[in-house]
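Since the structure comes first, as structure tokens, the remarks are kept for the end.
The values are calculated or read from the model by the stated rules, or taken from the named source; none is laboratory data. All values reported here derive from a predicted model rather than from experimental measurement. With ideal geometry, Cβ positions are generated from the backbone for all residues, glycine too; neighbour counts draw on all protein chains shown. Note: accessible area is taken over every heavy atom of the protein model, side chains too, but ligands, DNA and RNA are not part of it. Shrake-Rupley method; radii C 1.70, N 1.55, O 1.52, S 1.80 Å.
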Amino acid sequence: MAALPTPARSAHTFPLTEREARHSARLWFIGTPSLTLTDWRDTRCRTHCAGLPELPERATVFNAEFAREIASIIAGVSHE
């Protein structure tokens, strides 16, 4: 039997981190922010990652998904 090709992306996936990043982006827009967008993102990421295995990829995934959600909100894309 032939070996299956290895996916190009990392073997680590972080669906909970992706979901939390999207949620964090939406919260910044619906609240009355007292932090800049980047400070909010960093604080939410640190809070989410606390107690989880420390993997640099997790923060990268959080930041990328947060940015995608911000772009979707600005562009007026509805996920509902």
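Tabulated data
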quantity: Segment 45-62, residues that are farther than 13 Å from residue 16 by Cα and open to solvent by less than 60 Å² (accessible area, probe 1.4 Å); calculated: 55
quantity: Residue check, residue 69 out of contact with any strand residue (DSSP E or B) (no Cβ under 6 Å at 6 or more places or on another chain), touching a residue at least 40 places away in the same chain (Cβ under 8 Å) and among the acidic types (Asp, Glu); calculated: yes
quantity: Residue within segment 5-13 that is among the hydrophobic types (A, V, I, L, M, F, W, C), under 15 Å from the mean Cα position of the chain (by Cα) and at pLDDT below 95 present; calculated: no
